[in-house]
Amino acid sequence: MCRGRSRHINDFGAGVSSPANRPLEGLRVVELGALVAAPFCGMLLGDLGAEVIKIEPPEGDMARAFAPFVEGESAFFMSVNRGKRSVAIDVKDPEALSWVRKIAASADVVIHNYRSGVAERLGLGYADLQSDNPGLIYCAVSGFGPSGPMAKRPGIDLIFQAESGMLAITGTPDGPPVKVGTNAADVYAATTAAACINAALVRRGITGLGCQVDVSLRDAFLSLQACWFGSYLATGIQPARVGAGSPFTAPTDVYPTADGYIVLAVVNDKHWRIFCETLGLTDLADDSRFVDNESRVTHVEFLRKIVSDSLAARTTADWLSAFKSAQIPAGEVMEYADVVADEQVQLNQMVIEFQHAGGFAVRTQGVPFWFDGVKADLVVPPPALGQHTIEILREMGCTEEAARRLAER
């Protein structure tokens, strides 16, 4: 058991009285994170019930400066920092560092996304913290891993997308490489880190031992490309950019309709025949160019023109209804306004609202999981900068005067 506070912990490290939808309740996470990777991981652990303390520099996580703003607070920052308390403190100050280490000594998990070597230089490396907290799970999310020629190299999501091969397979055949629309490398590395942390907590429950977890953003994003990368490793052939299509199945793509766009996927020969019947193109099912999936992939350009011309004749709603009846996977290309208004999204509570400490309402994404049919109970809004500095320092035994002095530096 970690030192620093009195808790009732079961064999796996979570609170014995945790409700099913807060399985990590009773655990404390200290996040030394900025931007997305470590903050998103910290948020996931908070969504699962953990207490999360975010340590920020006095000027704040740099994501706090990213537009757009709601009442002066960054929407970008708030989207990945709910469920946390904020301590704004200068870890380069020796007195402040000693208190941060006391906070870490009370934690079950520490996570950061410093460049390799930075945490150690600050006195916040695994060896620095584990000596005071032998049960600590210490997770470092870095760009390229803990060692090697690139270990200390700076990077952002776009770099990891580029140097994992993702940009080279994304976009249209006659266009330039294109990034994935969102910061997917950051988010996938964060999700990988959260999974590893939970595995380490299970191991600690069995052995009583903490451990160090390292996650590389580039490696995580390469692993996300398993099917494409695996195909290259098997054949030595670089996958071509195919836009929204698939190199594995056809027709699988985005198609214009009379009033918008639809996506669909025909993944086997049985579906192909049903698809042709739904389009009213029954003769197409027996066309030798399209008789099986391999043939359809080979002749996908011819097929795309035929399918596009057919789908353009009716509305998206008409086609979605027809494909639903035929059990052909299909969907509408939605903008965020459509997503927010969607009945299933609302039923799944994927848009939630918090009351920020600044006195205004914050809407953000919900969680995509249930435990025993119940969604996570998200009650802690994204914090204002340093909102809890004095409160947490006092919990650690700091005097009121010293806490205020440290908070004002």
query = Within the range 15-23, is there a residue that is crowded, with 17+ Cβ neighbours inside 10 Å, in the same structural domain as SER116 (by TED's automatic domain parsing) and outside any loop (DSSP other than H, G, I, E, B)?
reply = no
*Report yes if VAL254 is outside any helix (DSSP H, G or I), touching a residue at least 40 places away in the same chain (Cβ under 8 Å) and over 28 Å from GLU335 (Cα atoms), otherwise no.*
no
When you look at GLU332, is it modelled with pLDDT of 95 or more and touching a helix residue (DSSP H, G or I) at 6+ places or on another chain (Cβ under 6 Å), yes or no? yes
Of the residues in the range 322-337, those that are at negative phi and either in a loop (DSSP other than H, G, I, E, B) or of a type in the set (Gly, Ala, Ser) (or both) come to ALA322, SER325, ALA326, ILE328, PRO329, ALA330, GLY331, VAL333, MET334, GLU335, ALA337
Reported set for the range 212-252 where residues are at positive phi and surrounded by 14 or more Cβ atoms within 10 Å (Cβ to Cβ) is GLY243
| query | Within the range 70-87, can one find any residue that is part of a strand (DSSP E or B) and closer than 30 Å to SER223 by Cα? | reply | yes
Flagged in the range 74-90 as surrounded by 21 or more Cβ atoms within 10 Å (Cβ to Cβ) and either of a type outside the set (Phe, Trp, Tyr) or farther than 15 Å from GLY42 by Cβ (or both), in numbering order, are MET78, VAL80, ASN81, ARG82, GLY83, LYS84, SER86, VAL87, ALA88, ILE89
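Which residue is surrounded by the most Cβ atoms within 10 Å (Cβ to Cβ), if the candidates are limited to the range 387-401 and must be without any contact (Cβ under 8 Å) to a residue 24 or more places away in the chain and in contact with a helix residue (DSSP H, G or I) (Cβ under 8 Å, 6 or more places away or on another chain)?
ILE390
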Listed by first then second residue, the pairs whose first member lies in the range 107-122 and is farther than 14 Å from MET150 by Cα, whose partner is β-branched (Val, Ile, Thr) and buried (at least 22 other Cβ atoms within 10 Å of the Cβ), with beta carbons under 6 Å and at least 6 positions apart or on separate chains, are ALA107/VAL30; VAL109/VAL29; VAL109/ILE137; VAL109/ILE197; VAL110/VAL30; ASN113/VAL141
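The values are calculated or read from the model by the stated rules, or taken from the named source; none is laboratory data. Quick caveat: nothing in here was measured; it's all calculated off a predicted structure. Cβ: placed from backbone, ideal geometry, glycine included. Neighbour counts: every protein chain shown.
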